[in-house]
Structures are given as structure tokens and as C-alpha cells.
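> Please see the structure below; I have some questions.
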Amino acid sequence: MKKIATPEYDIKEKLKCHATALATAAKEVVAPLSVTTQYPRERRKWPDCFRGYILFDPERCISCFECSFVCPANAIWMKEAKSGRYYPTLDYGKCIFCHFCIDSCPGGALKTTKIHDVSYTTMDEMFTDTEEMIAPPEIIREDEGYVEYEIDRDDLTLKRTKGQDNLIVDVAPSQGVPMVSVCVDSGSCIACKICEKVCESGAVSWALDDVKDVIRMAIDSETCTGCGLCVKECSMQILRLVRK
Amino acid sequence: MLGLPVINNLIALLLWESFFVLIIMPGFAVLGTLLLILPWIERKMVGRMQWRVGPREISPRTRGIIQLLADSLRFLFQEVIIHKDAHKRYFLQFPFLYFIPVLLPLLFINAGTAGSPLVPIVSDYGLQLMVALICLMPVFILGLGWASNNRFAFIGTVREAFLYFAYEIPFIVAVFAMVVMYGTSNSVGVVDAQAGGLWGIILNPIAALTFFIAALMATARLPFDIPEADQEVSFGPFVEFSGIAFGLAYVMGYEKMYVLSALMTMLFLGGGSGPMIPGLGEVSYLIWFVLKTLIVMIVVVNLRGVYPRYRLDQGMKIGWNAMLILALVAVAWSLVIGAII
């Protein structure tokens, strides 16, 4: 059996350790390496993947409810807009900033920002309506510069830059995995045409089958964006999303 | 001056040499100023060592130099809470009584140089009296802890008592080594013996090292922060104190450090010896003395940025083992070197 014991130093090594410790302290007193960010006066430069305040772009939203479904904290509720479409609202009292909603959004309508210092006075204010999510929130910017930490090998250095860091991140919307909607059991179709109504891209069409005198639905796999709206709405639950 | 006879007498009294040394420099006035600045220096320098900023938000332009002034204002206006279980009389008296052993050693400090002593009271037993008064300080801390009647205060007090015996004997033996070396215990004679740049730290570095470590233990500074360890016993004997009483206890540690640093300057760093500053006369010795004391104090306070805290048993082992041996070696060294000189 191997026993682990404290390392034993002789007096020479001990004195050397003491001298090194004192020398390091003296060196830091003369030329210290401060790592403190003077927060309101300067900000830390966060990476673009920083999980901060969430912005919403209604132009890209296809009302698929994916963000609302995936939200583990149940912070996203869909709300009906005047146009009849459903858009997300976000309760920051519940949000845990996991950004699953952003990852799951097929159209890239939700996007992250580097804003992390939004404060509210009441719980009601934390419930953010769709309209409030479109523009970035008003924050007081006192910063005159930003800092970056640079790690080279085992040392850490602080780089200070003058000027304000742009907190809005411009990222191209993710393409995701291309999906397409297909009907797996066309025999059960009752031709309610709901899929055609909900389809945003007009990929679903119908035609009268002359032989049997029934309505046959068809999905054009070229124009289908794979948003999954028809899959969700299908009254017979016979549509599936598959990889293109 | 202004036709008032009393003012003339007062100024004459203030400028009377032994009174000036006691009251102004290096006595109470300088002590008070240092008490206001030293914690700031400590916090700033330790902050730099630990990659922090230190006090800053109060008066950022002066880098937070008035932080302790703000703290003391807070202490002044805070309520002094005397809890039900405390021994009320001693609880209130001991912080004030503590002043006596802390400030009295200043009476025997010689801030002058060889040939021109600057000492309030010349006594052939100056060193013995100072050591006796310094050794009296822990008794008051024990009293504080006992009067608090609190479990943390009790643990801290017992730790203080353990450490007290551990450092006291090497401390006294180290001073004794220097008495043997100089052949006198008069504070004037001690400084005279270090004339010509042959300081005590060169004559007997072992005694200097022992004295320094004992001073660290006596002032409960890191790495011997054992009785007051905030993380373990939350300031030990002083845990129940609040308001001005805590302020006194807080300041008392620094006063004790000042006295011990002044004693170290006198014993090992040649007192106030140094090049004359033109136009200042004997005051230049006082300035050198205060500067040396300040450097010793800065070294003492900055060790908290370097060392972690020893366990109680490790502290005791250092006191009874390494330091006692070192102190005895220092006495032998003094005997040998004294015989050669």
C-alpha cells in the first residue's frame, strides 16, 4: 500500500521558500497586477456567446412555439398579437438564462446580447412583453473603456481599451438541421386543410383526386422550411418532421 | 504671545525636550497619526499583493486615505451593546485599562542617537520596565475575553493564553541577550552602544529575528493570528465588543505594534541614528526614528499578505521549540561577541 505523506523539506529548502514568498510579495507591491474591473466605469469585454438579455425579431418568427416548449423555467409564454400570430413574451423573474430558446429557434428570431445589468423595481416589470423585447433595454452606460483578460501560459494580464464596447451581438441566424415535413399515413388524412392554412411558405397544396373523388394533400419538399407548424396542428397527427 | 501668560508657559512645556518626545514625536501625536494612516497603508499594500485595489470608494482622488477616519466615525456613533451574560463592569473597564500597559512603555523609548539621547524618563531599568509592561498586555486581553462570557471569546482567550506563554519566554530571553551584548539596560546606554553604525541587528541577528517573530506573536499578526482568527473564532476576545469599545480594541493592536516596533528600532536598528537633516537639529533624529519604526511596522503588517495562519499547535511548537532555541543561541552569541568586542 502506498501512503501519502506531507512532503518533507530540510531547513535550506524552507528558507528558500520563505525568501521566494517574500520576494513575490515585494514584487507585487512595486508592480502589482490588478485584476479588478472597475465595473460602472469600465466593463469586461464578454465573448459574443455571452448569455445575456434576449432580443426578439418578429420578422423572423414563425410562431412555432419551440422556445416556449423548450424553456425549462417556463418563462416564455406565447401571446397573440393583433395579426393573429403568436409571439413570445419573457418573464425575467423566471428566466435562468440558459438560452435554450435561442438555440431552439428555427428562424433565428431570438438572439443574445451582452447586456447583463438590467434592473427592475417590481416583479410586474420583469414580465417583458413582445414589444419590449424588440429593442435593447435602456441602461445607463457609465463605462469609458473595457477590459480583456489575456492568459498566456500561466500568467494573466489585463488589457484595458478606451471606448465603449458594443453590447449588441451581430450573429448570423443559425441554419440548423434542414428538416422537411412529410405525411406518414396519407390514408388517415381527413382533408381538414389545417396544414395548408398554417403553412407560412405555401408548401402545402391540395388537389382533387378524380378517380376516387377525394381531396389529396401534397407537401412540396423544396419550399417547405421545416418549421413544424403543420406537424403540430395536424388533427390526425400523421405529419412528421424528417431530415431533408 | 498675545499678552497671555499661560500660552507662553504652555509652549515652553510643549517644547521641553522630554515632554516633547513623549507627547509629540515619537509619542502620542505621531502615534495617533500613524494609527490613522497605517491601516490604510496595510490594506493598500496587501491589496496590491493580492491583485485587489484596496479601500478606494471613500475619497477616490486620494485613493481612499481617509478610510480609517470614516471607520472611526462609524465606531463613534455605533451603539455599544453590553449583552446580558457579560460581566458588565470588567467588560467596559478593560478596553480602557488596556491603555495603561500599551502606552506606558513610550516613557522609556530613546528616540535619540549616541551622545544626544531623547528619552522622557532615564532609568537604569528602562528595558526591564518596558518588557514588564509589554508582558502585562495579554493579562488585559484575557480579562476582556473572560468578561465577554462568549464561547468564541473564550476559545480566543485560551488561545491567547497558550500563545502568551509560548512567545513570552523567547521574547524576554531575546531582550536579555541584547542586555548582555550592550552591558546595560538603560535605554540611553543601549543606543550609545550602537554608535558608529554597528547596529544590534548586525551584532546579533539571531536575537533580532527572535524578537521580530515574538513581536508578530504578541501583536497577533499573521501568521500568528491565532487568538483573533476571524474565520475561526471571529476576532476572538473582542467578539462581543461593538462601537467605540471595539474601535479601542482594534486600535490597541496597532498601538501595541507601534510600541514593539519602537522597541525593536531602539534595540536593533540604532535608535534615531542617521544623517543630520540640516536646519532641524535634534528633530532629525526623531524623524529617523519614526521612519525606521514605520518601516518595521510596514514589514509586520504586510506579512498578512504573504503567510497563511498557523494552527495553534504549530504556533506553540514554534514558540517553545525553534524560538526558545534561537533565543538561547542568541544569548550565547552575545556572550561570545561581547567577549570579543
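> So if R0 is 30 Å, what FRET efficiency would residue B:231 and residue A:10 give, r being the distance between their Cβ atoms, rounded to the nearest 0.05?
So the FRET efficiency works out to roughly 0.45.
> Taking every residue in B:35-47, how many Cβ atoms of other protein chains lie within 10 Å of its Cβ, on average?
Neighbouring Cβ atoms belonging to other protein chains average 1 per residue here.
> Now for a different question. How many percent of all Cα-Cα pairs in chain B sit more than 31 Å apart? Please report the intermediate quantities before stating the final value.
Values: 20780 of 57970 pairs.
Above the 31 Å cut-off, chain B has 36 percent of its Cα pairs.
> How much length is gained on full extension from residue B:320 to residue B:116, taking 0.36 nm per residue of separation minus their Cα-Cα distance? Let's see the in-between values first.
Working: separation 204, 0.36 × 204 = 73.44 nm, distance 3.90 nm.
Stretched fully, the residue B:320-residue B:116 segment lengthens by 69.5 nm.
> For region B:33-94, go through all pairs of different Cα atoms, get the mean of 1/r, take its inverse, and jot down that Kirkwood value in Å.
Numbers: mean 1/r = 0.0724 Å⁻¹.
Answer for region B:33-94: a Kirkwood hydrodynamic radius of 13.8 Å.
> So what's the Cα pair-distance distribution over region A:179-243, bin width 5 Å, in %?
Per 5 Å bin, starting at zero, the Cα-Cα P(r) for region A:179-243 comes out as 4, 20, 32, 26, 13, 5, 1 percent.
> Using 0.36 nm per residue, how much length does the chain from residue B:151 to residue B:132 gain when fully extended, once their Cα-Cα distance is taken away?
On the way: separation 19, 0.36 × 19 = 6.84 nm, distance 2.97 nm.
Extending this stretch completely gives an extra 3.9 nm.
> Please list the three semi-axes, largest first and in whole Å, of the ellipsoid equivalent to region A:124-244, using sqrt of 5 times the eigenvalues of its alpha carbon gyration tensor.
Semi-axes, largest first: 52, 19, 12 Å.
> How big, in percent, is the set of alpha carbon pairs in region B:53-146 lying more than 15 Å apart?
For region B:53-146, the fraction of Cα-Cα distances above 15 Å is 74 percent.
> Tell me what the protein assembly as shown gives for mean residue ellipticity at 222 nm when only DSSP H runs of n ≥ 4 count, each as -39,500 (n - 2.57), the sum divided by the residue total, rounded to 500 deg cm²/dmol.
It comes out at -14000 deg cm²/dmol, rounded to the nearest 500.
> Follow-up. So how tilted is helix A:11-30 from the main axis of chain A? Cα-based, degrees 0 to 90, rounded to 10.
Once rounded, the angle reads 70 degrees.
> So, one more: Say we join alpha carbon atoms closer than 10 Å with springs in a Gaussian network model of chain B; which of B:198, B:222, B:163 then has the biggest fluctuation?
B:198
> Continuing with the same structure: Relative to the compact-globule scaling 2.2 N^0.38 Å, provide the ratio for the alpha-carbon radius of gyration of the protein assembly as shown.
Relative to the rule-of-thumb radius for its length, the protein assembly as shown sits at 1.53.
> Name the residue, out of A:21, A:203, A:73, whose mean-square fluctuation peaks in a Gaussian network model built on chain A with Cα pairs under 10 Å.
The residue with the greatest mean-square fluctuation here is A:21.
> Here's something else I'd like to know. Sort largest first and round to whole Å: the equivalent ellipsoid semi-axes of chain A, each the square root of five times a Cα gyration tensor eigenvalue.
Numbers: eigenvalues 630, 125, 50 Å².
Its equivalent ellipsoid spans semi-axes of 56, 25, 16 Å.
> Name the residue, out of B:176, B:289, B:96, whose mean-square fluctuation peaks in a Gaussian network model built on chain B with Cα pairs under 10 Å.
Highest fluctuation among the options: B:96.
> Using only Cα atoms, figure out Rg for region A:42-162 and give it as a multiple of 2.2 N^0.38 Å.
So region A:42-162 has a normalised radius of gyration of 1.24.
> Would you be so kind as to identify all helices of chain B, as entire DSSP H runs, whose Cα atoms reach 18 Å or more along the helix's own axis and whose mean Kyte-Doolittle hydropathy is at least 1.6?
B:126-148, B:205-218, B:283-302, B:324-340
> What is the average number of partner chain Cβ atoms found within 10 Å of a Cβ in A:24-30?
That average works out to 5.
> Continuing with this model, one more query. Going by average Cβ density within 10 Å per residue, which order do the peptides B:295-304, A:26-35, B:63-72 take, highest to lowest?
B:295-304, B:63-72, A:26-35
> Still on this structure, I have one more. Peptide B:303-311: average number of partner chain Cβ atoms within 10 Å per residue?
Other-chain Cβ atoms within 10 Å of each residue's Cβ, averaged: 2.
> Need one number for region B:234-341: average projected area of the convex hull over its C-alpha atoms, nm².
Mean projected area for region B:234-341: 10.9 nm², to one decimal.
Where a number appears in this text, it was derived from the coordinates with a stated rule and is not lab data. What you see is a predicted model, and the numbers here were worked out from it, not measured in a lab. Every residue, glycine among them, receives a Cβ derived from its backbone with ideal geometry; neighbour counts consider all protein chains shown.
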